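The values are calculated or read from the model by the stated rules, or taken from the named source; none is laboratory data. Computed from a prediction, not measured in an experiment: that's the story for all the values here. When we count neighbours, we look across all protein chains shown, and the Cβ atoms used for this are built from the backbone with ideal geometry, even at glycine. With ligands, DNA and RNA removed, areas are computed over all heavy atoms of the protein, side chains included. Shrake-Rupley method; radii C 1.70, N 1.55, O 1.52, S 1.80 Å.
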Amino acid sequence: MAEEKAKEEKTGGKKSSILKLIIIGVAVLVLVGAGFVGWKLLTTAPDQSTEEATASADQNAETEDALSKNYALDTFVVNLNDPGGKRYLKTNIELEYLPEAVGTELAHRLPQIRDLILLLLSSKSLEDIQTVDGKIALRRELIQRINQVLTSGKIRNLYFTQFVIQ
């Protein structure tokens with residue numbers, strides 16, 4: 001009889017340890033599930049009005065870019081203002097404008113615009129335009145002078161599509 005009691009205590013001990021493991025496993029699953037649900041609730045989608053504002057701003061930027069146009073000017077070749085006159089600049093320029101009327105005015109005022117660009121480019125020395133900062137300053141100066149000539153609008157930007165100094 002004593003032997004039977006000992007066997008029951010051993011099997012009962014095994015049953016209780018298995019039961020403890022099952023309870024712990026269920027508790028872990030419940031905690032993981034609750035954590036997942038809490039995480040999902042806390043990381044909801046952004047406010048609808050914020051999404052609409054972002055979409056509206058993106059659409060306006062795309063519309064503005066879609067409306068802008070470029071006007072390509074012929075190649076400019078000028079002697080630079082250097083001693084000896086042995087250096088020259090060859091460049092292609094495109095003008096970006098927004099209202100349609102500016103494109104028409106650019107075509108009508110092309111001789112004036114080419115003249116002011118040629119005069120400005122030929123007044124520059126190699127040291128003036130050799131660096132990136134010099135090219136940026138030249139771009140700003142050209143935009144300013146071209147916009148002084150235009151009456152129906154302004155150019156938005158100026159692009160050097162070719163810039164060769166020799």
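Being in contact (Cβ under 8 Å) with a residue 12 or more places away in the chain and part of a loop (DSSP other than H, G, I, E, B) is true for just one of N70, N81, N157. Which residue is that? Walk me through it before giving the result.
Values: N70 fails: part of a loop (DSSP other than H, G, I, E, B); N157 fails: part of a loop (DSSP other than H, G, I, E, B).
Of N70, N81, N157, the one residue that is in contact (Cβ under 8 Å) with a residue 12 or more places away in the chain and part of a loop (DSSP other than H, G, I, E, B) is N81.
Restricting the search to region 84-95, which residues are open to solvent by 20 Å² or more (accessible area, probe 1.4 Å) and either in contact with a strand residue (DSSP E or B) (Cβ under 8 Å, 6 or more places away or on another chain) or not in a loop (DSSP other than H, G, I, E, B) (or both)?
We begin by selecting, within region 84-95, every residue open to solvent by 20 Å² or more (accessible area, probe 1.4 Å); these are 84-88, 90, 92, 94.
Of everything in region 84-95, those that are open to solvent by 20 Å² or more (accessible area, probe 1.4 Å) and either in contact with a strand residue (DSSP E or B) (Cβ under 8 Å, 6 or more places away or on another chain) or not in a loop (DSSP other than H, G, I, E, B) (or both) turn out to be G85, R87, Y88, K90, N92, E94.
Give region 126-163 a look and list any residue that's open to solvent by less than 60 Å² (accessible area, probe 1.4 Å) and within 20 Å of K86 (Cβ to Cβ), or say none.
Selection gives L126, I129, G134, F163.
Do you know which residues across region 20-36 are within 45 Å of the chain's Cα centre (by Cα) and of a type outside the set (A, V, I, L, M)?
Hits for region 20-36 are G33, G35, F36.
Please enumerate the residues belonging to region 96-125 that are in a loop (DSSP other than H, G, I, E, B) and surrounded by fewer than 14 Cβ atoms within 10 Å (Cβ to Cβ). Please lay out each step first, then the result.
At the first step, the residues of region 96-125 found to be in a loop (DSSP other than H, G, I, E, B) are 98-99, 109, 123-125.
Answer for region 96-125, where residues must be in a loop (DSSP other than H, G, I, E, B) and surrounded by fewer than 14 Cβ atoms within 10 Å (Cβ to Cβ): S123, S125.
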